[in-house]
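Enquirer: Questions regarding the structure given below will be posed in turn.
The values are calculated or read from the model by the stated rules, or taken from the named source; none is laboratory data. This structure is a prediction, so every number in the text was calculated from the model and none was measured. Ligands, DNA and RNA are excluded from the accessible area calculation, which covers all protein heavy atoms including side chains. Shrake-Rupley method; radii C 1.70, N 1.55, O 1.52, S 1.80 Å.
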Amino acid sequence: MHETATLSTQTHGTQQALPDQLLLALKNMLEDRCSTSMAIRERHGSDESSYDPMLPQAVVFAQTTEEVAA
């Protein structure tokens with residue numbers, strides 16, 4: 001089973017920067033299963049609703065419960 005998580009931090013509708021240390025830790029742990037590419041972010045940052053897209057700053061593809069819990 002594969003889980004996908006989008007990562008962004010928001011305060012009252014304003015997106016804040018994802019901490020560099022968190023992003024580095026995720027990339028070290030998940031390697032190529034942590035993506036910051038625009039294409040992946042666009043795919044996971046929009047839906048069929050009338051709301052404007054809110055792109056995540058990263059998308060992770062966890063493969064285990066332990067990775068999700070970390």
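Enquirer: Can you tell me which residue among 69, 62 is over 22 Å from residue 16 (Cα atoms), modelled with pLDDT under 90 and not β-branched (Val, Ile, Thr)?
Expert: On the way: 62 fails: modelled with pLDDT under 90.
Result: 69 is the single residue among 69, 62 that is over 22 Å from residue 16 (Cα atoms), modelled with pLDDT under 90 and not β-branched (Val, Ile, Thr).
Enquirer: Can you find, within the range 11-35, the residue that is farthest from residue 65 (Cα to Cα) among those that are open to solvent by 90 Å² or more (accessible area, probe 1.4 Å), at pLDDT 90 or above and of a type in the set (S, T, N, Q)?
Expert: This residue is 21.
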